[in-house]
Amino acid sequence: MVDRTGGPACQRPFTPLSRRRFLPIAGRAPRKTFAQAASQIVIADVSMSLDNVLAVAGAARDHPYVMIAGLVISIACMAVAANLVVKLLKRWPYLSYAGLALIVYISVRMTVEGGAAVLATIR
């Protein structure tokens, strides 16, 4: 913090804080409308749920009904157990790395198998 005299606040220990006037460090953030805040939340939710879609799609493979059921169950579980998941991740942070490893494994597997299928179709 810098007071109006130009010096750091800690260099003036004998002046009461009630008498000092501090300059703001940053300007005010622009206010958001409800629609802007809601759209930002929706975009964040969609982008964060992409890993669930990848995991379920990779596990279901060629079974669309299994994929749909998995997505519905995944969404329901996350809605109900979100606080529990946060507590688990705070207690055992390595679980997030295990989840990341699973997502990477499934996405690499999908890419390799899908690439092989595309190459077989092209030839």
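The values are calculated or read from the model by the stated rules, or taken from the named source; none is laboratory data. Being a predicted model, the structure only gives us computed values, none of them experimental. Methodologically, a virtual Cβ is constructed for each residue, glycine included, from the backbone with ideal geometry; neighbour enumeration extends over all protein chains shown.
For this structure, a couple of remarks:
- ALA76 hydrophobic (A, V, I, L, M, F, W, C), in contact with a Gly (Cβ under 9 Å, 6 or more places away or on another chain) and at pLDDT 75 or above: no
- Qualifying residue in region 34-43 (condition: modelled with pLDDT of 70 or more and closer than 30 Å to VAL112 by Cα): yes
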